[in-house]
Amino acid sequence: AQSVTQPDIHITVSEGASLELRCNYSYGATPYLFWYVQSPGQGLQLLLKYFSGDTLVQGIKGFEAEFKRSQSSFNLRKPSVHWSDAAEYFCAVIYGGATNKLIFGTGTLLAVQP
Amino acid sequence: GAGVSQSPSNKVTEKGKDVELRCDPISGHTALYWYRQRLGQGLEFLIYFQGNSAPDKSGLPSDRFSAERTGESVSTLTIQRTQQEDSAVYLCASSHIGTTNTEAFFGQGTRLTVV
């Protein structure tokens with residue numbers, strides 16, 4: 001079945017440390033891939049997206065993600081985390097084909113320690 | 001409008017009553033999604049509309065849930081005979097599809113509380 005897996009439910013990092021949030025998708029074809037952020041009391045905001053081309057994509061707020069077909073992964077990274085990055089992060093995918101529905105992972109809650 | 005608009009922002013209803021939630025997508029967006037987000041949980045896909053194609057209803061949890069969309073404009077999500085487990089934030093999103101502009105824009109959601 002088409003799905004998106006975020007293995008880490010909750011991650012805590014220190015401010016200034018690097019961050020990597022994992023995302024794996026299940027389907028073989030190249031999907032459209034997204035990362036969204038949901039801050040407390042805020043709506044969902046797109047951080048970045050991948051459709052084709054360069055497998056390393058840059059997003060807003062200093063985030064980047066790398067598409068690795070061999071690993072069916074699209075991990076989100078940031079070299080130095082800020083306290084304001086504390087939020088819930090969702091990976092999402094459109095597999096295409098018969099339906100273009102947007103499927104979300106279960107999310108990773110990021111806490112940032114001073 | 002400039003963004004996706006959902007109404008009402010909050011709704012408290014008694015168990016067994018019907019509720020109707022409204023979503024106004026971004027003008028020109030052919031795709032429209034509904035999701036449910038329970039407290040502390042992820043986004044659960046409910047239904048997807050794409051242009052004039054038949055909607056993808058594969059995420060609707062029961063026959064108490066239904067949704068309609070008029071052309072490429074307003075959508076309503078109806079929950080009949082509400083139950084306490086229906087309490088959640090219901091999110092709507094709209095998007096272009098099939099181009100590099102594909103990006104789902106989300107509304108602020110409707111917080112539904114069934115008492």
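Of note:
- Any hit, region A:88-99, residues being in contact with an Asp or Glu (Cβ under 7 Å, 6 or more places away or on another chain), part of a loop (DSSP other than H, G, I, E, B), farther than 15 Å from B:GLY42 by Cα and in contact (Cβ under 8 Å) with a residue 12 or more places away in the chain: no
- Per-region count, region A:32-58, residues in contact (Cβ under 8 Å) with a residue 12 or more places away in the chain and crowded, with 18+ Cβ neighbours inside 10 Å: 12
- Test: residue in region B:53-62 that is at pLDDT 95 or above and within 18 Å of B:GLY109 (Cα to Cα): yes
Residue by residue, here is whether (1) under 16 Å from the mean Cα position of the chain (by Cα); (2) over 15 Å from A:LEU102 (Cβ atoms) holds:
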site	(1), (2)
A:ARG22	yes, yes
A:TYR25	yes, no
A:ALA29	no, yes
A:LEU33	yes, no
A:TYR36	yes, no
A:GLN42	no, yes
A:GLY59	yes, yes
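Yes or no, residue by residue, for (1) among the polar types (S, T, N, Q); (2) closer than 22 Å to B:ASP86 by Cα:
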| residue | (1), (2) |
| --- | --- |
| B:VAL12 | no, yes |
| B:ALA31 | no, no |
| B:TYR35 | no, yes |
| B:SER58 | yes, yes |
| B:ARG64 | no, yes |
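- Test: residue in region B:104-115 that is farther than 24 Å from A:TYR95 by Cα, open to solvent by 40 Å² or more (accessible area, probe 1.4 Å) and hydrophobic (A, V, I, L, M, F, W, C): yes
- Total residues in region A:9-31, condition open to solvent by less than 50 Å² (accessible area, probe 1.4 Å), at pLDDT 95 or above and part of a loop (DSSP other than H, G, I, E, B): 3
- Residues within region B:59-108 that are touching a Phe, Trp or Tyr at 6+ places or on another chain (Cβ under 6 Å), within 19 Å of B:VAL12 (Cβ to Cβ) and either outside any strand (DSSP E or B) or within 14 Å of chain A (Cβ to nearest Cβ) (or both), tallied: 1
- A search for C-beta distances below 6 Å between a residue of region B:101-115 that is more than 13 Å from A:LYS49 (Cα to Cα) and any residue that is among the charged types (D, E, K, R) and open to solvent by less than 10 Å² (accessible area, probe 1.4 Å), counting only pairs 6+ apart in sequence or on different chains, returns B:VAL114/B:ASP86.
- The single condition among (1) touching a Ser or Thr at 6+ places or on another chain (Cβ under 7 Å); (2) outside any loop (DSSP other than H, G, I, E, B) that B:TYR33 does not meet is (1).
- Filtered by the rule that a residue be touching a Lys or Arg at 6+ places or on another chain (Cβ under 7 Å) and open to solvent by 10 Å² or more (accessible area, probe 1.4 Å), region B:74-87 gives B:VAL74, B:THR76, B:GLN80, B:ARG81, B:GLN83, B:GLN84.
- For the residues A:PHE34, A:PHE74, A:PHE90, A:PHE67, the requirement of being at pLDDT 90 or above, at negative phi and touching a Lys or Arg at 6+ places or on another chain (Cβ under 7 Å) singles out A:PHE34.
- Across region B:12-53, the number of residues qualifying as at the interface with chain A (Cβ under 10 Å from one of its Cβ atoms) and open to solvent by 90 Å² or more (accessible area, probe 1.4 Å) comes to 1.
The values are calculated or read from the model by the stated rules, or taken from the named source; none is laboratory data. Values in this document were obtained by computation on a predicted structure and should not be read as measured data. Note that each Cβ is placed from the backbone with ideal geometry, even for glycine, and that neighbours are counted across all protein chains shown. To get the accessible areas, we keep the full protein, side chains included, count just its heavy atoms, and leave off ligands, DNA and RNA. Shrake-Rupley method; radii C 1.70, N 1.55, O 1.52, S 1.80 Å.
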